[in-house]
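The values are calculated or read from the model by the stated rules, or taken from the named source; none is laboratory data. All values derive from a computational prediction rather than experimental measurement. Glycine also receives a Cβ, built like all others from the backbone with ideal geometry; neighbour counts cover every protein chain displayed.
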Amino acid sequence: MKNQKIKIVSIVGPTASGKTKLSTELAEKFKGEIISADSMQIYKEFNILSAKPSKKELQKVNHHLVNIVSIKEEFSVAKFISLAHDCIKKVYLKGKLPFVVGGTGLYIDSLIRDIKFESADIVEDHYNLIKTFESLSGVELMEILKKIDPESSKKIHVNNTKRILRAVKFFYSFGYPISTQAEQSKNIVSRYEVCKIGISFRNRELMYEKIENRVEEMFKSGIIKEVENLRNTKLSKTAKSAIGYNEIVNYLENPQSVTLESVMESIKKSTRHYAKRQLTWFKRDKEINWIYLDDYKNFSEVTDCSKEIIKNFIW
């Protein structure tokens with residue numbers, strides 16, 4: 001076992017694509033257990049807000065890293081990696097197939113590639129600063145990058161704002177340059193053999209429709225009440241970044257000037273932007289086997305396709 005790589009299945013994709021449903025069916029079929037890679041489903045109090053698996057799904061297949069911390073506690077990628085490695089090992093030792101499932105790309109990539117984050121807790125102290133970077137121009141960001149990571153500034157073109165922003169945010173999240181992390185990761189051999197499955201849509205409008213339907217369903221299920229029950233609690237900065245939380249708090253505190261319809265539209269818009277960022281992240285990985293939902297008549301066909309991919313991987 002010492003030199004043997006553990007086989008795992010990774011299921012990724014944008015929010016509202018059906019990862020939970022697919023992974024639950026696949027884990028049941030292949031006698032597996034699910035390790036959640038969702039940065040918000042870790043929180044015990046976020047049920048509707050985090051689109052957590054239903055009680056039925058949680059009972060159907062054993063899920064790990066769901067409902068593990070309070071919204072008062074900060075959480076980081078370093079903590080996730082440590083906990084996820086332990087979960088995968090336990091599932092493997094039981095003779096079961098680990099399924100790593102979620103839409104938080106940094107969590108999944110860091111886990112699979114076994115990346116070490118030397119000071120990941122810095123992210124909480126710099127949360128507000130990191131958010132301000134998104135409003136800066138490429139030229140302004142490049143000036144910052146030259147000071148904190150001169151090596152990366154030489155390799156990234158000034159017009160490539162996305163890459164510059166990523167490098168700047170990385171430094172203020174983890175306390176050291178992304179160029180250092182990239183150099184270190186070249187020498188790391190992953191402890192896992194991974195089957196990567198991604199689910200998405202060829203037609204972006206279908207993805208947006210799914211997102212809008214989900215947000216509307218969250219409101220029907222009582223997301224306003226959930227947030228209202230939590231708004232007097234001092235949330236950690238990471239928990240407070242959940243899409244929808246601040247929008248609903250603003251509505252509850254300003255009912256005369258903020259309409260429910262505007263809140264719903266704002267959450268839909270933020271979720272669409274988040275889904276686009278997720279796709280941008282995952283599309284960089286050429287090892288992902290993409291399954292496009294609009295290529296199939298129904299979800300059963302999607303499940304069957306996924307089963308074939310996994311069978312070829314494990315047998």
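Regarding Tyr208, is this residue farther than 24 Å from Ile11 by Cα and at pLDDT 95 or above?
Working: farther than 24 Å from Ile11 by Cα: no; at pLDDT 95 or above: yes.
No: the conditions fail for Tyr208.
Residues that are within 16 Å of the chain's Cα centre (by Cα), exposed (fewer than 14 other Cβ atoms within 10 Å of the Cβ) and hydroxyl-bearing (Ser, Thr, Tyr) within the stretch 254-283 comprise just one, Thr280. Scan the stretch 27-42 for residues that are more than 19 Å from Asp86 (Cα to Cα) and in a loop (DSSP other than H, G, I, E, B) and the total you get is 2. Among residues of the stretch 157-181 that are surrounded by fewer than 17 Cβ atoms within 10 Å (Cβ to Cβ) and outside any helix (DSSP H, G or I), those with a beta-carbon under 9 Å from a residue that is among the β-branched types (Val, Ile, Thr) and at pLDDT 80 or above at least six positions away or on a different chain give the pairs His157/Ile164; Val158/Val139; Val158/Ile164. Of the residues that make up the stretch 262-269, is at least one in contact (Cβ under 8 Å) with a residue 12 or more places away in the chain and under 23 Å from Gly105 (Cα atoms)? Yes; the residues of the stretch 262-269 include at least one that is in contact (Cβ under 8 Å) with a residue 12 or more places away in the chain and under 23 Å from Gly105 (Cα atoms).
For the stretch 43-84, name all the residues that are in a helix (DSSP H, G or I), in contact with a helix residue (DSSP H, G or I) (Cβ under 7 Å, 6 or more places away or on another chain) and buried (at least 16 other Cβ atoms within 10 Å of the Cβ).
Keep residues of the stretch 43-84 that are in a helix (DSSP H, G or I), which gives 55-60, 77-84.
Now narrow it down to the ones that are in contact with a helix residue (DSSP H, G or I) (Cβ under 7 Å, 6 or more places away or on another chain): 57, 60, 77, 80-81, 84.
Within the stretch 43-84, Glu57, Val77, Phe80, Ile81, Ala84 meet the criteria.
On inspection, Tyr251 qualifies as surrounded by 13 or more Cβ atoms within 10 Å (Cβ to Cβ), over 23 Å from Ser10 (Cα atoms), at pLDDT 95 or above and not charged (D, E, K, R). Among the residues of the stretch 1-38, the ones that are modelled with pLDDT of 95 or more, over 18 Å from Gly103 (Cα atoms) and either of a type outside the set (Asp, Glu) or not assigned by TED's automatic domain parsing to the domain that holds Ala84 (or both) come to 6 in all. Of Ser300, Ser270, Ser266, all but one fail to be of a type outside the set (Asp, Glu) and under 25 Å from Leu97 (Cα atoms); the exception is Ser300.
Anything in the stretch 238-277 that is in a loop (DSSP other than H, G, I, E, B) and touching a strand residue (DSSP E or B) at 6+ places or on another chain (Cβ under 9 Å)? List them, or say none.
The initial filter retains those residues of the stretch 238-277 that are in a loop (DSSP other than H, G, I, E, B), namely 241-244, 254-259.
Of everything in the stretch 238-277, just one residue is in a loop (DSSP other than H, G, I, E, B) and touching a strand residue (DSSP E or B) at 6+ places or on another chain (Cβ under 9 Å), namely Ala242.
Say whether the condition of being of a type in the set (Ser, Thr, Tyr) and either outside any loop (DSSP other than H, G, I, E, B) or without any contact (Cβ under 8 Å) to a residue 40 or more places away in the chain (or both) is met by at least one residue in the stretch 218-237. Scanning the stretch 218-237, I find no residue that is of a type in the set (Ser, Thr, Tyr) and either outside any loop (DSSP other than H, G, I, E, B) or without any contact (Cβ under 8 Å) to a residue 40 or more places away in the chain (or both), so the answer is no.
Residue by residue, here is whether (1) of a type in the set (D, E, K, R); (2) more than 30 Å from Lys29 (Cβ to Cβ) holds:
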position	(1), (2)
Leu230	no, yes
Tyr245	no, yes
Val249	no, yes
Glu253	yes, yes
Thr271	no, no
Tyr274	no, no
Lys297	yes, no
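Among residues of the stretch 21-78 being among the charged types (D, E, K, R) and without any contact (Cβ under 8 Å) to a residue 40 or more places away in the chain, the one that is farthest from Arg214 (Cα to Cα) is Glu28.
Just to be sure, is Lys286 in a loop (DSSP other than H, G, I, E, B) and assigned by TED's automatic domain parsing to the domain that holds Arg204? Yes; evaluated as a whole, the condition is true for this residue.
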